[in-house]
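The values are calculated or read from the model by the stated rules, or taken from the named source; none is laboratory data. Quick caveat, the model's predicted, so the values are computed rather than measured. Cβ coordinates were reconstructed from backbone atoms using ideal geometry, including for glycine residues, and neighbour counts include every protein chain displayed.
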Amino acid sequence: MSTSTNPPRLEIAFDIGHSSIGWAVISTPDAAPPSVLGCGSVIFEKDSALANTRRLHRSQRRHVRATRQRIARMEKLLVHLGIFTDSELKAKHSANGGSPTPWLLAARVLASDGAQILTWPELWDVLRWYAHNRGYEEITGETRDEAEVSEEKKQDTEKVENAKAALAQFGKNSMAETICAWLGQDPLGPRTGTTENYKAKNCAFERAFVDAEVTRLLASHLGKLPGVDEALIAALILDARAIAVPSIRLPRRYQGSLLFGRLATRYHNRIIGRCPISGEKIPSKNCPEFLRYRWAMQLANLRIADSADTPLRPLTANERATIHSRIIAAGSLGVRDLKETVRALPGHARDNLEQFFLHPDAKEGLILDPVQKLIADNSAVAAVWPHLPQRLQKRTRGRWRRGKSTTLAKLREEAIKLGHDCAAFDTAVDALCTPPKKPSKKTPPPAREKLLDEPLDARRGLAKLSGRAPYARPLLVKAFDEVIAGRDPKGVGGCLEETA
């Protein structure tokens, strides 16, 4: 805004933010440099902006809707498996709304180490309770005010510390047992009621801790409660798509399990961060450079000792090369394979592998090449892959790396279009579909049409790779090379060393 009736001309500038308004009055004479006559800022009172209240209410509505959808999807899964019917679930909810103390039911199983198990109505009450109390997951502040996020993070950190103190105070290793200790309830004794509210304790148990707790709870029912099997546990804890349920339609950006999964944040696709060392843009985690970097850091963290008395040391370049050669052909290593390879190294006396796999992401880091893993692990792909032309193999690898799926039928059609003879391909497929000469109790071979039309997706097990890599591509490549050469990229002189 300016006034030009009387020189010198005055210009008033505003910087409008959501928590303040900055202002400045500038004199801009025609023949002289401009000068600031006055400036300042008006700071709004805390929580006075209408946006704060709207954001809080919007967050609450989204939380309620997500919880409701989470429970509805689990209901559809149980109905699909024949554990409940729609009418039974509706009748149960309308009759009593479930158990008034689901944490006591969960604690009873955990405290008895699986000696006591629940019925399906009781287990469903417990799963519903965990759907409302999934544990704390740290927030990120890329799209919000840093001061506001800092204050919220301070409060969340205090709640997490309170939960850890309660676990140490009562000597428990689960959220359910700790709540019973707060309320004075004995999980293995008679049922007792209480009027105290455990949510007034200002505590927040970490998400990974609750995840492990529910896994132990469900594992205690394996082979004891009809319907509880590895596939059900995988759908509830690991991957929502482990069991195909026609009535459950998950968004493409849904990640994780039915109980602990959520929609991926959109800002990871919009906001591209900068590498803290080179300043270049950082890539998505869905790239070969990050997978190699992640595997290299696993190698860098491995420690062995040459005797029972000597301290643990990092692996040498030759030792790392020995382990790395095992993963190239298969694309990944299992936990047992890694342990056997490390403990077969010359001079090995002890290692840190038992502590190594306590980290929740340690097993994910054993996947180096998802495409090669699919080729090596899938019996159908392994059988027909050598009979495809090199050009089609390269094209299919690229398609799988980009997250696209295909089928054996489509691969056969593409091979024919390239002028390739598919006689050997058909022979391999026929061998997979032919029943053995001697009767066997194993799973019978699949039908040819079903085998050819089965979707093949190399990234099905990599749903957790959301977000951005920690460093730029050149540094990821260099870090991998340094680890294989026996050096520490984060140590002194390494490519990832962060100096002042």
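Numbers below:
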| quantity | calculated |
| --- | --- |
| Of all residues in region 9-29 being more than 43 Å from the chain's Cα centre (by Cα) and polar (S, T, N, Q), the one that is farthest from Gly40 (Cα to Cα) | Thr28 |
| Ser379 being touching a residue at least 12 places away in the same chain (Cβ under 8 Å), within 32 Å of the chain's Cα centre (by Cα), more than 29 Å from Glu340 (Cα to Cα) and surrounded by fewer than 16 Cβ atoms within 10 Å (Cβ to Cβ) | no |
| Failed item in (1) at pLDDT below 90; (2) surrounded by 13 or more Cβ atoms within 10 Å (Cβ to Cβ), with Thr341 passing the rest | (1) |
| Filter result (surrounded by fewer than 16 Cβ atoms within 10 Å (Cβ to Cβ), among the charged types (D, E, K, R) and assigned to a helix (DSSP H, G or I)) within region 411-447 | Glu413, Lys417, Asp426, Asp430 |
| Sole exception among (1) in contact (Cβ under 8 Å) with a residue 60 or more places away in the chain; (2) within 30 Å of Ala344 (Cβ to Cβ); (3) touching a Gly at 6+ places or on another chain (Cβ under 6 Å) for Asp306, by number | (1) |
| Every residue from region 309-338 that is touching a residue at least 24 places away in the same chain (Cβ under 8 Å) and under 16 Å from Asp351 (Cβ atoms) | Thr310, Leu312, Pro314, Leu315, Thr316, Glu319, Arg320, Ile323, Leu333, Val335, Leu338 |
| Region 245-272 - residue that is surrounded by 17 or more Cβ atoms within 10 Å (Cβ to Cβ) and modelled with pLDDT under 85 and, of those, nearest to Asn133 (Cα to Cα) | Ala264 |
| Check on Arg73, within 30 Å of Ile237 (Cα to Cα), of a type in the set (D, E, K, R) and surrounded by fewer than 11 Cβ atoms within 10 Å (Cβ to Cβ) | no |
| Matching residues, region 76-91, being surrounded by 13 or more Cβ atoms within 10 Å (Cβ to Cβ) and of a type outside the set (D, E, K, R) | Leu77, Leu78, Val79, His80, Leu81, Ile83, Phe84, Leu89 |
| Output for region 276-308, where each listed residue is small (Gly, Ala, Ser), more than 13 Å from Leu476 (Cα to Cα) and either touching a His at 6+ places or on another chain (Cβ under 6 Å) or surrounded by 17 or more Cβ atoms within 10 Å (Cβ to Cβ) (or both) | Ala300 |
| Boolean, Ser94 is at pLDDT below 85 and either surrounded by 12 or more Cβ atoms within 10 Å (Cβ to Cβ) or acidic (Asp, Glu) (or both) | no |
| Residue in region 477-495 that is modelled with the lowest pLDDT, counting only those that are part of a loop (DSSP other than H, G, I, E, B) and among the aliphatic types (A, V, I, L, M) | Val492 |
| Filter result (surrounded by 11 or more Cβ atoms within 10 Å (Cβ to Cβ) and among the basic types (Lys, Arg)) within region 24-57 | Lys46, Arg55 |
| Ile233 being part of a loop (DSSP other than H, G, I, E, B), under 21 Å from the mean Cα position of the chain (by Cα) and either closer than 19 Å to Phe84 by Cβ or free of Cβ contacts under 8 Å to residues at least 24 places away in the same chain (or both) | no |
| Some residue of region 391-404 being touching a residue at least 12 places away in the same chain (Cβ under 8 Å), in a helix (DSSP H, G or I), within 30 Å of His324 (Cα to Cα) and hydrophobic (A, V, I, L, M, F, W, C) | yes |
| Helices (runs of 4 or more DSSP H) (entirely within region 17-123) containing at least 3 residues that are closer than 26 Å to Ser174 by Cα | 50-80, 102-111 |
